[in-house]
Every structure is written in C-alpha cells, then in structure tokens.
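These notes concern the structure reproduced below.
What follows draws every value from the coordinates through simple rules; no lab data is involved. It should be emphasised that the depicted structure is a prediction, and the values quoted were computed from it without experimental measurement. FYI the Cβ positions are ideal-geometry reconstructions off the backbone, even for glycines, and counts take in every protein chain you see.
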Amino acid sequence: MVSEYYFDYRLIIRVLPLFITGLKMTVILSACGILVALPLGLFVGLGRVSKYRFFNLPASIFMQSMRNTPSLIKVYLVYFGLPYLGISFSAFICGVIVLSIHTGSFMAEIFRASIESVSIRQMEASRALGFGDWHAMRFIILPQAIARAIPALGNEIVQLIKNSSILAVISVEELTYSAIGVAEQTGATYEVFTVIGFIYLFVNLIASLIIEFFERKLRVVTV
Amino acid sequence: MLELLTNNLPYMLKATIATIYLSSGSICCGLLIATFFGVLSVYGARTVRVLIRAYVYYVRGVPELVLFFVVFYLIPLLGIQTSKFVAAFITLSVWTSSFMTEIIRGAILSIPKGQTEAARSLGFTSRKSAQHIILPQTVTRAIPPLINEFAKVIKTTSVASIIGVWELTYAAKEISEITYRPLEIYGVAAVVYFILSYLVFILGEKTARRFAYKA
C-alpha cells in the first residue's frame, strides 16, 4: 500500500532563498575548515615521518585518537564539554575546530604516505648535494609529495563538506539546519531532504572540479 | 568522578551493545549488497552498470545525516512501519554499500586484463573465468580498504542518534543532560568508540594476513 503523495515542487521554489543562505554558511564553514585542516594535516604528517620521537609520538597520538572517534562525539565534547573547563567557543568556531581536526587527522596520513612514496634516493641525493634535512624536505621532497597527495586530499575535502552537515545539531545555520527548520514547519520532509541531497551533490561536484584543476596544474612530470 | 562513572557505566555498556549490533548488522548487510553491486558494475549489462553508478554517486555525494533523513521519511511513504533502529540499520547499509561497491569494483578492475584473456584463451567461459580466476584474487585486494570502511561505519552510527536512535551517542547525551558532566561522559564515549574502531583494525589485520596468498 503506497500512501497518496506527490512531489510538491512549488514549496521548494518558495523556500529556495532560505536554502541559499544555508548554502552560503556551508561553503564558508567548509572553506574555513579546509584552510585549517590542510596545514594541520601537513604538520602532523611531517611529524609522523620525523625521526625525532619528540615530534613523532604526539603526531601519532593525535592522528590515531582523532581518526578513531566519530566527529559527532567531538562536536559534543568541544561544544558542551570544554565550557566546563572555562574554554568556550561560538558554534561556528567550534564547527571549524572539529571539522579541521577530524579531516586534518585523515590528511596527515595521506601526507605521510605521499612523502614516503617519494623515493628515498632523492633524499640521499639532495643530502649529498649539501641540502640540510629541512631544505631537502622543503624544496625536493614536499613539492613532489604534495602533487601526489592531491587526489586523495580531494576525497577528504569532499568528506569534510559532507561532514559539515552534522553541525546542524549545535545550530550552526548551515544547509542541513535550514532544511530541518523548513521540514519541521511545512511537514514536506521528503521533498526538502531530497533537494538538499542534490544541492550537496552539486557542491561536491564543483569541489571535485576545482581539485581536478589543481591536480592538472601541479602535476609533476617524472622521467 | 569515579562515582559518576560507576553509576552510569552499565547504561553506557548497554548502549555500546546497541551500537555494536547496529554497526555489525549494517556492515554485513552492506557487504552483501556491495558484493552483488560491485560484481554487477563490472560484469553486468550496460543499463545495470549505469544504474549502479548513479546509485553510488548519489549515496556517496550526500551527507550521512541527510541520507538518514531521506531514508527515515521515505520508508513510511512506501507504507512500511519500522522502528527507528531498523530505519537506521537500512540507512547505514545503503550508505556503506555504496562505498564498498566502489572498493570491490576497484579491486576487480585492478586485476590485470591479461588474466581474463589468458583464461578465455584456455577455454574458460567469461563467467567461469570471473568465478575461478578473477574474483578469488579480488578478495585479498579488497580486504584492507574494506576494513577502513568497517571502522567508518562504527563511527557513523553516532549520527543515527540525531534521528533518535538509542545507541552510544544518544545514551551519552541523555546521561550528560541529567548529570551536567558532558566532558567526562562524552570522553568515555569517545574512548569506547576508539576501542571499537581499533579492535576492527586489529581483527582486520589478522583476517588480511589469513587471506593473503603465498606466492
């Protein structure tokens, strides 16, 4: 038995401005998250390949503990837990923190793998030519490693954009939050969430196009 | 602090078991769907392949939370009455099956084409060459990424708490709202998730070693 139901597209047109405000927030939130996550991931990744225990150990602990806990729990911990220690953030800042540490931990592993994928001979050659450890890493290894990391980083960026939806639970006014609001007021839950799904698909499509552009631009021609 | 933990630990333990049920159920179901879809997306008819690609692209491109809402409201529209737990189970199975389909498709495609050609020239039919030559090898290659996927499912069950499924995150929320000790309670929940996810990796590595073939 299928209940009487039809897709109410006029409602969607009416609430579209609301979705666009939400979409703006989602884009700003994800952009901030990515901007923090990329350097964070790079530093933790560099820490993981470091031979000094002083860098290696904290980086490993950070990476393992952040990768293996759900982002929702981290949102609750930062937003509801930290104020008890006297540290409190606005919902937006809290969102950026959680998104960036969650994605940053995954990116760290990607950076580590791509640094290790650059042949050890290159490091040896540049050391023989008189580069210091850090200079060899900075000018020889990293440019190649980053070019190799980009496709995998792109996956993580798409993941971050999708992950931003759970910040609706701490009332960051992003796309999913506006969708939940509209759905509760109009009762047209199915329409609203289907359309929201396609908006996310669209955003992710644009994100992957941008990443592909960088991938082509930074491609290293290897002999 | 200690009293808080001893008072609430049994409740959280029960919730952990709910989380384990939910995640293991949807891992099994998702893997079952993904095996069919993964094989079909390589060997199936053209229409089937296109349909599976569309399914994978949609489910992979949509946030988990939105997918939860879609499935949660879609099921009653089809005239079926289910509990929230079953709805969450269906959502997670659908969600993870899309990622696993891609993994299995990738594993099948990673086997060199020469093997199929060799099998065909030795007189295997295309079905037999897939069944006896290609697919047994994909198992080894698919296991490591699948284990990542299993761990991801465990973490994603926490999102189900937003639509009101009673599992670990939901229980932690309940307790922290009663006791006003969110830091400790969510901390414990995070540790439990960490242990579960880590256990999957350890078990996974053992399985991977068992399935690895000796050359």
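Just a few scattered comments:
- If the convex hull is drawn through the Cα atoms of the protein assembly as shown, its volume per residue in Å³: 190 Å³
- Shown for segment A:101-223 is the translational diffusion coefficient from the Stokes-Einstein equation, using the Kirkwood radius over Cα pairs, a temperature of 25 °C and a viscosity of 0.890 mPa s: 142 µm²/s.
- Computed over segment B:2-211, the ratio Rg/Rh where both radii use C-alpha atoms and Rh is Kirkwood: 1.07
- Pairwise centroid distance, computed over Cα atoms, of segment A:91-144 with segment A:17-33, Å: 30 Å
- Ignoring aspartates and glutamates fewer than eight residues from A:Lys24 along the same chain, the ones with Cα atoms less than 13 angstrom from its Cα are A:Glu173, A:Glu174.
- Counting charges near B:Gly187 (Lys, Arg +1; Asp, Glu -1) among other residues having Cβ under 14 Å from its Cβ returns a value of +2.
- Kyte-Doolittle mean at least 0.0 and Cα axial length at least 24 Å: DSSP H helices in chain B: B:2-43, B:84-110, B:135-156, B:182-211
- Computed over chain B: relative contact order in percent, which uses C-alpha pairs under 8 Å that are six or more apart: 27 percent
- Note on B:Lys152: lysines with a C-alpha under 27 Å away, same-chain residues under 8 apart excluded, are A:Lys74, A:Lys162, B:Lys14, B:Lys84, B:Lys173, B:Lys206.
- Each peptide among A:121-134, B:154-167, A:177-190 gets the average number of other Cβ atoms lying within 10 Å of its residues, and from highest to lowest they stand as B:154-167, A:177-190, A:121-134.
- Each stretch of four or more DSSP H residues adds -39500 (n - 2.57); spread over every residue of the protein assembly as shown, this sum gives -26500 deg cm²/dmol at 222 nm.
- Long-range Cα-Cα pairs in segment A:31-173 (distance over 27 Å), rounded percent: 29 percent
- Charge sum, other residues only, whose C-beta stays under 14 Å from B:Ala130's C-beta, Lys/Arg counted +1 and Asp/Glu -1: +4
- Put the Cα centre of segment B:162-208 next to the Cα centre of segment B:92-109 and the gap is 25 Å.
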